[in-house]
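> Sharing a structure with you now.
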């Protein structure tokens, strides 16, 4: 019990870091699902590409000796490059793999998404090989830097990840809730045809949704790289799965739900690793998932949809 | 002004299918079965028979998956776990792991029961969930299975401290399993297992087909079309779903048992998500809720990677497909020919240009023709062909960077081209695009066969879905709004 209390704050921080990444990935899943009822299995690979773009920018701007630019600017540039690159990639995927299948049976875009995922992974493996790449985070954020609260040490990297995720999520909430574009997105999610009749350009909204969702995944990729330092070509698979799970736990198609689900999943995983056993991490995560879904079949924040016949 | 002809064009595939479909179903089934059974008679090459066995294995799994996904409309992403449970159950019941050696028939029947029960146990709480929620719970189940298979090599019983049981063998798996044996006859060659798998596939096909013709099958199909309407018509949808789920699991389990006996070992990576993705691809390729389609899809996706295994043969297939595709998909046909000739001309020009101005960038052909005594005619032909191609293309000494760049340019270029409106500009742009494709193939793809194989499978899935969203043999459903 003593042990538990001393470890609790540290595991809380670990969980929140992990949860921030999951939440950012889950948002993309959830937004796309909300609008197209499509499970975008290639989303995890977009995240992986984001991690690699961040790696490229970091290695280009921070040579062995000393960084060319102030660290803060390097990190911001990494995030921006990854978000832009991934956003465009997401738009490309939508245009190439999903748009022709808008009216096909529901399993067709699912298979197309699987195919896209395999394509992206292997394209990366072909051009960048299957080796691990290591972010040299310590060049931009000193290892010792951090905040000390009593016994608890929050490293600056983790604080940055949590902070960046919160900022991005606040920006997204503002976008969805307060702007004209957000209103159009919500309208398309509720009823695509009705929104189109009301003068919303549905195609443009779908493209924008893909752009935003993928940009968030790209940011998540860079943040993962900064904290966990290793990136490789199949890292998107597991992360995508976790993001999807988080989206489902929160209630798929629901933006605050995805954030909540991501944080919750991160916390559960960190606690499972810290207090029970790292070997049973996935088992515990999914048992929790199944229990949540059995109690609330539509996810934590999901509302029962009245099925129209 | 002449009016356009009223008859619609039917593609060759549809016409061939119509002729084949005119035969009675039983005749078709037995013709195919006899054709498959004759494979070991035609070749004594164990490698070929092994692939044929793999086709049967995957076809059985795809048919079972079809019951769950195609007929009952349940998106089950944990299917592979039942296959794994079957294999591990067989491994535990017939190896030295615990010193248990059950007779094969008893193990297989027991595995069927285990599959049925575990399907029921997973199904009964989670079938409350709808569509995508069911997908995630089953996916989670699949992952949990994979992780348990890895970690259950050191199980400590809480009521017997100190006793550590090795249940699954962890990453080392369980090895030296007993081979299958029925009535004193022991299966020990690849051919034996091929026949066992073929018989099992035929049996499963008959059972599923009969089920599908019965009251239950009709109920399943109506449920797959519209679960709500089916329920309103008084069908016990919950029980029907559970039945489909358990049937699929039981078949997958027994197939897993046979698989374990065949390779005489089980490892966690035999039941990874990759296998699940391949299975889904097989099912969808052939067309959902079409049994023949599932078998066909399994055949295509189990054989295609093997064909691409030898780089020279893969090259031959690649160029054949390229020429065929160009001639088939450009209208009028002479345009295709035009593009082909222009690409060859462009290649020759570039090669001559590089030879004239920077001859030391070029590398001599890396291939040679093997001696007549050690190779077959087709090998020699494909090698000779490869040498010609390498003499035609700009074969660089340092292909890595340029090849990667060309690859990065090629993908968006091909995508953009695929969406352009047909016309003279598209035709003109096709020429450099095809050259780029060939260049990338020669510089990068041919050097990495494993990656190329997966790239091709991925590309195949996407393009297939775009052009035939209902699969090769699927029929377009009428959507009622």
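The values are calculated or read from the model by the stated rules, or taken from the named source; none is laboratory data. Here the structure is a predicted model, which means the values were calculated and not measured. Positions of Cβ are backbone-derived with ideal geometry, glycine not excepted, and every protein chain shown enters the neighbour counts.
> Out of A:155, A:117, A:112, report the one residue that is closer than 26 Å to residue A:20 by Cβ and crowded, with 23+ Cβ neighbours inside 10 Å.
The unique qualifying residue is A:117.
> Can you name the number of the only condition in (1) touching a helix residue (DSSP H, G or I) at 6+ places or on another chain (Cβ under 9 Å); (2) at pLDDT below 90 that residue A:93 fails?
It fails just one condition, (2).
> Quick one: in region B:216-243, of everything that is exposed (fewer than 13 other Cβ atoms within 10 Å of the Cβ) and either over 26 Å from residue B:113 (Cα atoms) or at pLDDT below 85 (or both), which residue is farthest from the other protein chains (Cβ to nearest Cβ)?
B:234
> With (1) crowded, with 24+ Cβ neighbours inside 10 Å; (2) away from chain A (no Cβ under 12 Å); (3) under 29 Å from residue B:285 (Cβ atoms) as the list, and residue B:107 as the residue in question, which single condition is left unmet?
Result: residue B:107 passes all but (3).
> Looking only at region B:386-426, which residues are touching a helix residue (DSSP H, G or I) at 6+ places or on another chain (Cβ under 6 Å), more than 14 Å from chain A (Cβ to nearest Cβ) and in a helix (DSSP H, G or I)?
Listed by number, the residues that qualify are B:386, B:392.
> Within the bounds of region A:130-141, is there any residue that is assigned to a helix (DSSP H, G or I), farther than 30 Å from residue B:413 by Cα, more than 9 Å from chain B (Cβ to nearest Cβ) and touching a helix residue (DSSP H, G or I) at 6+ places or on another chain (Cβ under 7 Å)?
Checking region A:130-141: at least one residue is assigned to a helix (DSSP H, G or I), farther than 30 Å from residue B:413 by Cα, more than 9 Å from chain B (Cβ to nearest Cβ) and touching a helix residue (DSSP H, G or I) at 6+ places or on another chain (Cβ under 7 Å).
> Test residue A:81 against the criterion of being at pLDDT 90 or above, within 24 Å of residue B:401 (Cα to Cα) and touching a helix residue (DSSP H, G or I) at 6+ places or on another chain (Cβ under 7 Å), and give yes or no.
For residue A:81, the condition - at pLDDT 90 or above, within 24 Å of residue B:401 (Cα to Cα) and touching a helix residue (DSSP H, G or I) at 6+ places or on another chain (Cβ under 7 Å) - is met.
> From A:72, A:42, A:51, A:60, which residue is more than 14 Å from chain B (Cβ to nearest Cβ) and under 16 Å from the mean Cα position of the chain (by Cα)?
Testing whether each residue is more than 14 Å from chain B (Cβ to nearest Cβ) and under 16 Å from the mean Cα position of the chain (by Cα) leaves just A:51.
> Go through region B:174-211 and count every residue that is in a helix (DSSP H, G or I) and at pLDDT below 85.
Of the residues in that region, 1 qualify.
> Can you tell me which of B:75, B:134, B:65, B:150 is within 14 Å of chain A (Cβ to nearest Cβ) and in a loop (DSSP other than H, G, I, E, B)?
B:75
> Going by what's in this entry, would residue A:89 be described as buried (at least 22 other Cβ atoms within 10 Å of the Cβ), without any contact (Cβ under 8 Å) to a residue 12 or more places away in the chain, within 14 Å of another protein chain (Cβ to nearest Cβ) and part of a helix (DSSP H, G or I)?
Judged against the criteria, residue A:89 is not a match.
> Please specify each residue of region B:304-332 satisfying the condition of being crowded, with 19+ Cβ neighbours inside 10 Å and over 23 Å from the mean Cα position of the chain (by Cα).
Selection gives B:326, B:330.
> Here is a follow-up. If only one of A:215, A:258, A:239, A:219 is more than 10 Å from every other protein chain (Cβ to nearest Cβ) and either over 30 Å from residue A:128 (Cα atoms) or over 12 Å from the mean Cα position of the chain (by Cα) (or both), which one is it?
From the options A:215, A:258, A:239, A:219, the qualifying one is A:258.
> Still on this model: Looking only at region B:262-272, decide whether some residue is touching a residue at least 24 places away in the same chain (Cβ under 8 Å) and within 13 Å of chain A (Cβ to nearest Cβ).
Among the residues of region B:262-272, at least one is touching a residue at least 24 places away in the same chain (Cβ under 8 Å) and within 13 Å of chain A (Cβ to nearest Cβ), which makes the answer yes.
> Looking at (1) surrounded by fewer than 18 Cβ atoms within 10 Å (Cβ to Cβ); (2) part of a helix (DSSP H, G or I), which is the one condition that is false for residue A:297?
Failed condition: (2).
> Right, something else. Please go through (1) in a helix (DSSP H, G or I); (2) within 13 Å of chain B (Cβ to nearest Cβ); (3) modelled with pLDDT of 80 or more for residue A:271 and return the number of the only condition it doesn't satisfy.
(2)
> For region A:93-107, give me each residue that is assigned to a helix (DSSP H, G or I), surrounded by fewer than 24 Cβ atoms within 10 Å (Cβ to Cβ) and within 7 Å of chain B (Cβ to nearest Cβ).
A:96, A:100, A:101, A:107
> I'd like to check something: does region B:83-99 contain any residue that is within 14 Å of another protein chain (Cβ to nearest Cβ) and surrounded by fewer than 24 Cβ atoms within 10 Å (Cβ to Cβ)?
The answer is no, given that none of the residues of region B:83-99 is within 14 Å of another protein chain (Cβ to nearest Cβ) and surrounded by fewer than 24 Cβ atoms within 10 Å (Cβ to Cβ).
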